[in-house]
Amino acid sequence: MKLTILALTAFLFSLSSGQAITSPNRPNVILILADDLGWADTTLYGQTKLYETPNLERLAARGMTFNNAYSSHPLCSPTRSSILSGQNPARTGFTTPGGHTKEVLYEPVAKASGSPNQKSNVVKSSTRLDPSMPTLAVVLKNAGYETAHFGKWHLGDGPHSALKFGFDVDIPNYNGPGPGRTYLAPWTIPGLEGEPGEHIEDRMAKEAVSWLKNRDRTKPFFMNYWQFSVHAPFGAKPELIDRYRSKIDRTSTQQSPTYAAMLHSMDDAIGTLLDAIDEEGIANETIILFTSDNGGNQHCGLEETDINGETFITPVTSNAPLLGGKGNIHDGGIRVPGIVVWPGITESGSRNDTRVQSTDLYPTILSMLKINPPANHPIDGVDFSVALGGEELERAPMFTYVPSYGNTPKWLPPSMAVHHGRWKLIRTFHHGKNGAHQFRLYDVENDIGETKNLAAEQPETVQRLDALIDDFIAEVEAVVPTANPNFNPVQFDASKIGIQAGGLKMPSATKTSRQPITMTTVKDPALQGWIARNAEITSDSTRIVIKSVGRHSFLATNKVRSEGATEVKLKIRGDGEGSLQWRTEDQEKFLETQSELFTVKGN
């Protein structure tokens, strides 16, 4: 291991495309995908008193709501890749939200070693889908559908944009993880201009409706509307924030009027689309599917103001009673809303308990349209179309794969989970005794919050479900984490697992962080090679003085060169909290597991 950066903080298609079976009136398809929308974030499941989603209720009244809908992964890009491919992220190797990064990788890479405080190595994710893949859009286009994508993409640009994966239209043809720096115009998305204050979701709905009204009416269409909402950056129409401020209940787990206002605009856009479908007279010949790419964001915080003018900091949202949220493998990270409207098939206002996953959308949509799946393209998803007609469907095992470390509440080290029947088993790679795997077993039918680990009480169930994981890994040829040969038990702290290092991530748009970030090179010759952020640094022969001039002040250097274990000694005088963080030359960011917190009292 080479320690390179140290930071001290103070004061805190060879296509075999599908062929359509002759059908006189093939239905249109609209797939709406919300971003970071949790299971508890809508009024569909009775878990919120703050948020209002009347248009989602309107959509649900037309079809079937799924009580057990899941994303294939707790992060953006992997779930999006699963929808287009019908393949689990474990097969594609797409297991991090890296669709906007410059590096292009079609295959995952297993790391051979890691930091000494980590028991298991990570798997470096692929960052793009293979351009030759017969995506859902490609198959539908080859079957005679007109195709269009609106909103967020996050799967690559240029040769990996939506235009290269089967879509005739891509607006705004942008690959960022969110809507640039703001939801309200002027935006920072190249080529997209709007009147000051125009909301990006209003604009995307307007673009979708315009395309709908000017489409080729001799063809059925596939509209892929992937909303920017409710991903960061966190902001909304001021009048809506004021409206929800009056509804805040400080005893509730959902307290952000900003997030409530963001949800409101997301829901309004869905209403705009439904209005256009009705005006066009195509409601009875249009299949509509709605879901989200992962669970709600609980790791970011916002500074809010209540109706009395008092300020407070709150997590963006809450997924309670589910455990965890975006970024982790517990159900709070992967359980999401789900609605399907299939005119003439789904019963209006019905509900279904079948467990479904984003990976299932590919085979299910093809089945609904009577289009044969492409040859030589393995599909991991399950066709749940029979459930849409009210028939019972015994769900095959469902898998979730997160082969990386995280920094969100309740995060786990590299893990794979299987849902089967009433059970959910999480295998955490090489975190048991002597490098064995560690297991968490939950009866999610009776313990929705994953509060009681039954692994010790149900060894036979663990063994049976773990065998399913082994079979799945072999089937999809997943690249999995290995035991870390550099692991040092002395440096391992199990108490940090599941804890968000540094607390809530506060966006720069909040009041507490509006000061500009300043990065300066320390001029003192004794500190050559060090840089300071939001801090003034002075020194004499006996001490270094760090004076904070903003949030998250730190002093850092990349001049440390060390092989193997490194001991850092500090003599600190102050009155507050701080931390020591480090990363190695192969790491792009500081990991939550590579941090030591300290508190100094009384100067």
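So is residue 103 among the acidic types (Asp, Glu), assigned to a loop (DSSP other than H, G, I, E, B), farther than 18 Å from residue 79 by Cβ and within 20 Å of the chain's Cα centre (by Cα) or not? Break it down into steps so the answer makes sense when it comes.
Numbers: among the acidic types (Asp, Glu): yes; assigned to a loop (DSSP other than H, G, I, E, B): yes; farther than 18 Å from residue 79 by Cβ: yes; within 20 Å of the chain's Cα centre (by Cα): yes.
Criteria met by residue 103.
What about residue 520, is it surrounded by 16 or more Cβ atoms within 10 Å (Cβ to Cβ) and at pLDDT below 70? Can you show your working first?
On the way: surrounded by 16 or more Cβ atoms within 10 Å (Cβ to Cβ): no; at pLDDT below 70: yes.
For residue 520, the condition - surrounded by 16 or more Cβ atoms within 10 Å (Cβ to Cβ) and at pLDDT below 70 - is not met.
For region 303-325, which positions are of a type in the set (A, V, I, L, M, F, W, C) and either touching a Pro at 6+ places or on another chain (Cβ under 7 Å) or part of a loop (DSSP other than H, G, I, E, B) (or both)?
Step one: filter region 303-325 for residues of a type in the set (A, V, I, L, M, F, W, C), giving 307, 312-313, 316, 320, 322-323.
Within region 303-325, 307, 316, 320, 322, 323 qualify.
From 53, 9, 48, 96, which residue is over 17 Å from residue 333 (Cα atoms), buried (at least 22 other Cβ atoms within 10 Å of the Cβ) and at pLDDT 95 or above?
Working: 9 fails: at pLDDT 95 or above; 48 fails: buried (at least 22 other Cβ atoms within 10 Å of the Cβ); 96 fails: over 17 Å from residue 333 (Cα atoms).
Unique residue meeting the criteria: 53.
Restricting the search to region 326-363, which residues are assigned to a strand (DSSP E or B), more than 28 Å from residue 133 (Cα to Cα) and in contact with a helix residue (DSSP H, G or I) (Cβ under 6 Å, 6 or more places away or on another chain)?
Filtering region 326-363 down to residues assigned to a strand (DSSP E or B) leaves 335-336, 338-341, 350-357.
Those still in the list that are more than 28 Å from residue 133 (Cα to Cα) too: 350-354.
Across region 326-363, the qualifying residues are 352, 354.
Do the conditions hold for residue 303, that is, is it under 27 Å from residue 65 (Cα atoms) and either more than 20 Å from the chain's Cα centre (by Cα) or small (Gly, Ala, Ser) (or both)?
On the way: under 27 Å from residue 65 (Cα atoms): no; either more than 20 Å from the chain's Cα centre (by Cα) or small (Gly, Ala, Ser) (or both): yes.
So residue 303 does not fit the description; no.
The values are calculated or read from the model by the stated rules, or taken from the named source; none is laboratory data. These figures come from a predicted structure and were not determined experimentally. Backbone-built Cβ (ideal geometry, glycine too); neighbour counts: all protein chains shown.
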